[in-house]
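Undergrad: First, the structure itself, so that you have it in front of you.
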Amino acid sequence: MVYSQNLPWRLALRNVTRPSLRYSSITPNRLYSTTRQRQITATATSSLRPSLCSATTSGASRFSTSPARRKESSKDPKDIIAEETTEENADSKADKSSEESAEEVAESKTKSSEPPQSGNASSAGATDGRGSSAASGGSGDSGNSDGGKKGRKAAVEKALQKPTIPEVYPQLMAIPIAKRPLFPGFYKAVTVRDPHVVAAIQDMIKRGQPYVGVFMFKDENAEGDTIENKDDVYDTGVFAQMTSAFPVHGDDGALTAVLYPHRRIKMSSLTPPENRVVEAKKDAAPSDAPAVPDAIPAKPTKEEAVQEKKGDVVASFEEGSVSQKNGDSPSPYEPTSFLRKYNVSLANVENLAEEPHDPKSPVVRAITNEIVNVFKEVANLNSLFRDQISTFSMSQSAGNVMQEPAKLADFAAAVSAGEISELQDVLETLNVEERLQKALVVLKKELMNAQLQSKISKDVESKIQKRQREYWLMEQMKGIRRELGIESDGKDKLVEKFKEKASKLAMPDAVLKVFDEEINKLAHLEPAASEFNVTRNYLDWLTQIPWGQRSAENFGIKNAMTVLDEDHHGLKDVKDRILEFIAVGKLRGTVEGKILCFVGPPGVGKTSIGKSIARALNRQYYRFSVGGLTDVAEIKGHRRTYVGALPGRIIQALKKCQTENPLILIDEIDKVGRGHQGDPASALLELLDPEQNNSFLDHYLDVPVDLSKVLFVCTANMTDTIPRPLLDRMELIELSGYVADEKMAIAERYLGPAAKELAGLKDVDVNLSQEAIEELIKSYCRESGVRNLKKQIEKVYRKSALKIVQDLGESVFPEEEALTDEGKAALEESKKDESDVKETPENIENETTPVPRVSLNVPDTVHVTIDRENLKDYVGPPVFTSDRLYDSTPAGVAMGLAWTQMGGAALYVESILESALTSSSSPSLTKTGNLRAVMKESTSIAYSFAKSVMAKNFPENHFFDKAKLHLHCPEGAVPKDGPSAGITMATSLLSLALNKPLDPTIAMTGELTVTGKVLRIGGLREKTVAARRAGSKMVIFPHDNISDWLELPENIKEGIEGRPAKWYSDVFDLVFPDLDRDQANNEWKAQLAKKKDKDDESGKDDD
């Protein structure tokens, strides 16, 4: 790919002209020096000119540049030395003369007119394919054969003449460019990276034929240094001379060439690089073809050089140095034949001549004047244009611009950043008047861009000046106010505000030291600095924490009991713990922070009890949930280095409550998560430790904060997921589920009135009877909490409201009376809005109002009563149709008790015999019911223990020796695990083995060992409540849980007999009180014996 850029022409030309002159005139040891170049005779000129025209159609021609020697009398060696000395002196003089006239040569080179030609020089320039022989050291000797000083002086004079550019050059190496075309008379640098093209350029410069054809790609994104297809480029280009070439720094193999376009040309045909290689291979194929001599022959030896200096040397473009066969005609001369060995593009071109025009034409003059005027306007707006125009003006003589309108049009297009098609159109236009008009259009667009750029620059500059002016005026105004004492600086005022707030707080010494350091830092920071806002926010948080500020606590026992009873029914153990806390505070005058943890099923009032405690103690209340929390920064805050950093939730709680002793409720502490941002449960260890939280360190504040006076209350549904170290720091208070009478009281005192008011029936005679509430509790809401009961009561009142409105109709409740005036106006605006409801309308403020409606009063004549009979019309059919799963249990079914997150539940264990007993059957046990690992082990232990009991107490009963059993726990979709179903499973298996049904009102819980020991269990309160809901009259529990049974409220134990058991023998006596041991011992003997007799008879028949 060729990359190009405009260069300052005079400086580039000056730098190029001097080395070329020096290269051509002061190199005496070159093979083709000025004194040794051959000149083409007149006959050779006349014979070679037609061959140039036919070079485009002929094949690869061969020519020789080997020196043709003429015989002459030998000279003395002294004359040879004198002759060389004379040559060196002449070269040095020519060098000095060329340096003095470099400026003149540079100015003359920018013009495209040809210099006057005379004698052999013009003929050589026109016939020699290289064309720039003058630039490479002149045209050789003037045809004299004496070789004296007269010939040397003529050579030096010819070296100082303007380089001769060939008028006809039919075949060129084609180089493509992109982005913008080249225009005659204006330098451009291009970069070539193709190694073949680079080698060809270097060879052309060495040969003195630095001429190329430059054509522009039609696709501005095209790349490449060769032209693969003629249609890829525009056929109109320029004939350019490479004035210099140099390697690219940092890009090995690349070459930058400075091109000077001379005239327009048009491509007639193209030989792509691939065809070039094929033709070269075809030419080299015949073995009998004569060898082609090197384009640049090897340096002659000393003897050959001496012989060469004898006599005149004339350039020979004849048959060559090799002898030709008789009858062979000489090949035509092709100046670019040496390029055939390179993989480059060759183009056959023809010159494009401008159409004649009338310089005095008024149209041409008018357009020329307009272009000059536009140049002046653009120069005033764009400094780059100003420099380019001044350079162009200096290269033209006075008044020459008006005389050469074609060159002016080219200059206008060359310096404009127009469209590629427009610039190429200017290049292709040969009519001067049309070219001027097209160039004017391009230049006008450049003027519009310059004006727009100037306008944008002025607008931006004016805005900046305005802001700068406002800034300086504000600074001056601040200075004047400070001098007059009217108002202090904003920063000083901020520092004074922080100091005033800190003076009202009892900051500890460590905190006060940090505060002073931050205040000093703030005073020395500029308000525009980024650290200023960070420090200001930090001081704001530091001064908003209530250091040493506490609320006056109420330690009245009666007040606390009144508040707690108003908000909650029951929860005696919780209320007793709060009263103990208040009594200690009353005696000491203060209380240290405690960490309480309420554990219980959902809906039993764990969260609401925390708010009641805060109201009873007259403490500020703050609640936040840690369920699913995975970021430690929520507890301990972010580092101040982060953007948007904030303290943790505990510091935020102190800021909101403005006291050092609030009640902070941490909800769902059993559901704390863990992620890549840390483990919040571990961060809570410091927070909830009474021995450590007196110096809690938040990451943002980075100063110790005393949290020992904060009362922390946590809630959880279960303790299994709470880490043991964290659980050890808290005082656990278990809240069991509510029994039926407690739910009844809660519904009448709290849930009913709240749901009635929420349904808009506060003063309406709508009565929910006690029978209906009992039916709701018994048949619809058997869970431990009262949340579902609250939903069902709200549903009853909603249905009642709907029934009232439907029965009375719209006449009693007109919509017009319910709307306020503002609401009516908003409703009218909403009707006008036809936009989709998913889209927010533009005039939404007209469709909204703070109070659009008012409540309507229900007539006093309305009376609604909901009792047991019509309850189904409001809440649907009952969910639970019986108290127990089995009204009368068959053999093998026992009712156990289980603890769940929702409270207690009755868990039945069922055992059946899969197939009839036979003497040949093998025993097995299948376990189903979504049992987890612990319960599976309990099943295996119970099975083994049951077999040991039968073997020990009923040795004649071989039930387990032959029975295929299946043990199942209903509700298989619910996972079951825990160590409290051992005695229930053993009882179920023994009931099946003894074929003895159990009493359906007996429920049991307890873990069993293989020796029959009954172990302690947990959750006895919840299990007892579940047994009461299931209609049990006896609960069997481990003897180690007697203390838990005695602590149960009497309303829970009412109607239930608690029977402790140390060993399973105690359980066996309770569940099988009237067991006939002889019958049990012989229970399955008949079935097993009958089957055995049949087997014996069949055996005899076989005999």
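The values are calculated or read from the model by the stated rules, or taken from the named source; none is laboratory data. Just so it is clear, the structure is predicted and the values come from calculations on it, not from any experiment. Cβ sites come from the backbone with ideal geometry, for glycine too, and all protein chains shown count toward neighbours. Quick note on the areas: whole protein, heavy atoms, side chains included, nothing else; ligands and nucleic acids left out. Shrake-Rupley method; radii C 1.70, N 1.55, O 1.52, S 1.80 Å.
Undergrad: If I model a spin label at residue 561 and residue 1074 as a point 7 Å from the Cα along the Cα→Cβ vector, what separation in nanometres do I get?
TA: Output for this residue pair reads 5.0 nm.
Undergrad: Quote the FRET efficiency, to the nearest 0.05, computed for residue 625 versus residue 586 with a Förster distance R0 of 45 Å and r equal to the Cβ-Cβ distance.
TA: Working: r = 32 Å, r/R0 = 0.71.
E(calc), rounded to 0.05, equals 0.90.
Undergrad: Run the simple label-point estimate for residue 679 and residue 974 please: 7 Å along Cα→C-beta, distance reported in nm.
TA: Placing both labels 7 Å along Cα→Cβ, they lie 3.3 nm apart.
Undergrad: Determine which residues of segment 788-806 fall in the zone a paramagnetic label at residue 862 would reach in this model, i.e. backbone nitrogen under 19 Å from the point 7 Å along Cα→Cβ.
TA: Hits in segment 788-806 for residue 862 at 19 Å: 793-806.
Undergrad: If I take R0 = 35 Å and measure r between the Cβ atoms of residue 403 and residue 202 in this structure, what FRET efficiency does the formula 1/(1 + (r/R0)^6) give, to the nearest 0.05? Display every interim value, and only then the final one.
TA: Numbers: r = 40 Å, r/R0 = 1.13.
Once the sixth-power term is evaluated, E becomes 0.30.
Undergrad: Sticking with this one: Determine the share of segment 952-1001's accessible area contributed by carbon and sulfur atoms, expressed in whole percent, with a 1.4 angstrom probe. Walk me through the numbers before you get to the answer.
TA: Details: 960 of 1900 Å².
Carbon and sulfur atoms account for 51 percent of the accessible area of segment 952-1001.
Undergrad: Now for a separate question. Let me confirm the definition first: pairs of Lys residues in segment 946-1013, 8 or more apart or on different chains, C-alpha distance under 21 Å. How many are there?
TA: For segment 946-1013, the number of qualifying lysine pairs is 10.
Undergrad: Go ahead and collect, in residue order, the members of segment 512-555 whose backbone nitrogen is under 20 Å from a label point 7 Å along the Cα-Cβ direction of residue 706.
TA: Flagged as within label range: 512-516, 542-554.
Undergrad: Follow-up question, since we're still on this one. FRET efficiency for residue 594 and residue 523, Cβ-Cβ distance as r, R0 = 45 Å, nearest 0.05? Could the numbers behind the result be given before it?
TA: Working: r = 43 Å, r/R0 = 0.95.
Efficiency, from the Cβ-Cβ distance: 0.60.
Undergrad: So what is the accessible area of segment 767-809 per residue, in Å², with the probe set to 1.4 Å? Intermediate values should be presented prior to the final figure.
TA: On the way: 2090 Å² over 43 residues.
With all protein chains present, segment 767-809 gives 49 Å² per residue.
Undergrad: Still on this structure, please answer the following. Label segment 919-1034 by shape, choosing from rounded, prolate and oblate, from the square roots a ≥ b ≥ c of the eigenvalues of the Cα gyration tensor; if a/c is under 1.5 it is rounded, and otherwise prolate applies when a/b is larger than b/c, oblate when it is not. The partial results should precede the final answer.
TA: On the way: a/c = 1.78, a/b = 1.54, b/c = 1.15.
Prolate, because a/c is 1.5 or more and a/b exceeds b/c.
Undergrad: Cα gyration tensor of segment 556-639, axes a ≥ b ≥ c as square roots of the eigenvalues: rounded (a/c below 1.5), prolate (a/b > b/c) or oblate? Show your work: numbers first, answer last.
TA: Numbers: a/c = 2.48, a/b = 1.47, b/c = 1.69.
Since a/c reaches 1.5 but b/c is at least a/b, the shape of segment 556-639 is classed as oblate.
Undergrad: In debye, nearest 20: dipole of segment 935-1051 around its Cα centre with unit charges on the Cβ of K, R (+) and D, E (-)?
TA: Numbers: 14 positive and 12 negative charges, 62 e Å.
Roughly 300 debye, rounded to the nearest 20.
Undergrad: So, one more: How long is the gain from residue 1051 to residue 933 if the chain were fully straight, where each residue apart is worth 0.36 nm and the alpha carbon distance is subtracted? Don't skip to the end; give the middle numbers.
TA: Numbers: separation 118, 0.36 × 118 = 42.48 nm, distance 3.60 nm.
Once the chain is fully extended between residue 1051 and residue 933, it gains 38.9 nm.
Undergrad: Need the full-extension length gain, residue 351 to residue 966, defined as separation in residues times 0.36 nm minus the C-alpha distance. One decimal, nm.
TA: Numbers: separation 615, 0.36 × 615 = 221.40 nm, distance 10.82 nm.
Stretched out fully, the residue 351 to residue 966 stretch lengthens by 210.6 nm.
Undergrad: Right, next: So what's the gap between the Cα centers of segment 506-569 and segment 452-485, to the nearest angstrom?
TA: Between the Cα centres of segment 506-569 and segment 452-485 lies a distance of 41 Å.
Undergrad: Treat each spin label as a single point 7 Å out from the Cα along the C-beta direction, and report the residue 445 to residue 478 distance in nm.
TA: The modelled label-to-label distance comes out at 5.1 nm.
Undergrad: Follow-up. For segment 616-662, just say rounded, prolate or oblate: build the C-alpha gyration tensor, square-root its eigenvalues into a ≥ b ≥ c, call rounded for a/c under 1.5, and beyond that prolate if a/b exceeds b/c, oblate if not. Provide the component values of the computation, followed by the final result.
TA: Working: a/c = 3.89, a/b = 1.68, b/c = 2.32.
Verdict is oblate for segment 616-662.
Undergrad: Report the gain in length on full extension from residue 656 to residue 920: 0.36 nm times residue separation, minus Cα-Cα distance, nm rounded to one decimal.
TA: On the way: separation 264, 0.36 × 264 = 95.04 nm, distance 7.92 nm.
Length gained between residue 656 and residue 920: 87.1 nm.
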